[in-house]
1. With θ set to phi - 60° and the Karplus curve 6.51 cos²θ - 1.76 cosθ + 1.60, what are the ³J(HN,Hα) couplings of the range 36-49 in order, to the nearest whole Hz, using x for Gly and Pro?
2. For the charge dipole of the range 131-243, defined by +1 on Lys and Arg C-beta atoms and -1 on Asp and Glu C-beta atoms about the Cα centroid, which residue among ILE136, ILE211, HIS191 has the Cα displaced farthest towards the positive pole?
3. Can you check what the net charge comes to around PRO255, using other residues whose Cβ is under 12 Å from the Cβ of PRO255 (Lys, Arg +1; Asp, Glu -1)?
4. Rank-order 343-351, 289-297 by packing density, defined as the average count of other C-beta atoms within 10 Å over each peptide's residues, highest first.
5. Ordered by residue, what ³J(HN,Hα) values in Hz, to whole numbers, does the range 239-253 give under the Karplus form 6.51 cos²θ - 1.76 cosθ + 1.60, where θ = phi - 60° and Gly and Pro are x?
6. If you place +1 on the Cβ of every Lys and Arg and -1 on the Cβ of every Asp and Glu, how big does the dipole about the Cα centre of the chain come out, in debye to the nearest 20?
7. So what is the calculated 222 nm ellipticity per residue for the chain, using -39500 (n - 2.57) for each DSSP H run with n of 4 or more, over all residues, to the nearest 500 deg cm²/dmol?
8. Give me the dipole magnitude in Debye, nearest 20, for the range 186-233 about the Cα centre, with unit charges on the beta carbon: positive for Lys and Arg, negative for Asp and Glu.
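Since every read-out is calculated from the coordinates, none of them should be taken as a lab result. None of the values given here were measured: they were computed from a predicted structure. Backbone-built Cβ (ideal geometry, glycine too); neighbour counts: all protein chains shown.
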Amino acid sequence: MTAFARPDRIRSLFAQAMSDMYRAEVPLYGELMQLVAQVNADTLAHDAQLAARIERNDELKRIDLERHGAIRVGSAAELSMLRRLFAVMGMFPVGYYDLSVAGVPVHSTAFRPLASASLAANPFRVFCSLLRLELIEDAELRAQAEAILARRDIFTAGARELIARAEAQGGLDEADARRFVAEALETFRWHSDATVPLATYRALSDAHKLIADVVSFHGPHINHLTPRTLDIDAAQAEMLARGIKAKAVIEGPPPRKAPILLRQTSFTALNEAVNFPAGDGEVAAGMHTARFGEIEQRGLALTPKGRALYDACLAKVRALEGAGSTGGDYDAKLADAFADFPDTLDELRAQQLGYFRYTKSADGELIADPIVYEDFLPVSAAGIFQSNLGGAEQRAYAAHDNQTEFEAALGAKVNDPFALYAALERESLDALRAD
Ligand code: OOG
Ligand code: NI
């Protein structure tokens, strides 16, 4: 019997293929990658403590690698097939995100590795959103969107075959794994030819730009890839210095001595030429904005208690701002709102606000390192969505979260992120006791 390729390896091959494809399609993204690598090298050169921690936690080799990408799909059939596709690469749904509260008609999960060894091998994950067609008010337009989506197949025949084989055999051999990566990649490719006439695109776009993005194309083009930076303020400044049009503000918590959760910023989506079918083999020229680049800085994963404090602090700023993070003196208000959030690792740990990984140094001293947050933040995600849909795009939806319906579409329950972090912490303690 030939041995199966490890899912971690298939994910690495896939992440590399995605990165190469996206760099070729969106050259500005290649520049962003270089910029981040430079900022990370500078940061590590100036912060010996951080460098030691990163080395200790086995993160050094993968530091400038892509952390995540994002796609948006239109139907339960597409979402559940994606779940099966990602499982081949050791990526499983974690978390439920309701973005309708922030004016984006989708709900989402993130497919990612779960075990610490897998995260260390390759951390790549994909934020995946499902369009909530029920939020299209116009019944006729809703039916039309549904019919258009029902006609497309976003997976190649080869991908479907290899997914079924992986499930039946319990894995793929090396040759099949390579074929699988090539076939899976096709689902994420950009298509400059739309599947709907310009008038339909416009009608969908008027309902919400995101609806047009999901419904009008052959597949769910990857809309961004995101490397991890160790200093997002430096990276943002460098983006602006290079004339890259960065988002007005950084999403997430304010700058801190002890980073928590996730801070993110992006460069504005490209305005790209699209051909719309116009009958008799003719095409009409139009434009679409979908694809952008993003960077993120990750910090301590918070416990439910820490997360509740984070949400309360963020809510204070959003109450002041109305719509949210749009610029002005947002940074000062954000810093104010988080003034009472403990900002040393010792305090965060003493108050049980975050999860830690415990090890012992050579001379027997207990070391508590922050466990890195591997997931997403719904308010930040909505901010990223909005800034890349032309800024003003926002609707008030009366919807509420519907995890049950999302999981029915997915064909599985999503993993609870808190339980995963708690398990990582416990694992480290168990390993210490076993010594
Ligand atoms: C996804 C936006 C969410 C993030 O990093 O929070 C996201 C999208 O625009 O499809 O990627
Ligand atoms: Ni993102």
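1. Rounded to whole hertz, the list is 5, 4, 5, 4, 5, 4, 4, 4, 5, 5, 9, 9, 5, 5.
2. Of ILE136, ILE211, HIS191, it is HIS191.
3. Values: positive: ARG256, LYS257, ARG263; negative: ASP231, ASP233, ASP331, ASP343.
Residues close to PRO255 contribute a combined charge of -1.
4. Values: 343-351: 14.3, 289-297: 23.4.
So the peptides 343-351, 289-297, ranked by packing, come out 289-297, 343-351.
5. 4, 5, 4, 8, x, 7, 6, 8, 4, 4, 10, 8, 6, x, x
6. Working: 46 positive and 61 negative charges, 76 e Å.
The dipole of the chain has a size of about 360 debye.
7. Details: 17 runs with 202 residues, N = 435.
Rounded to the nearest 500, the figure is -14500 deg cm²/dmol.
8. On the way: 4 positive and 6 negative charges, 27 e Å.
Dipole about the Cα centre, nearest 20: 120 debye.
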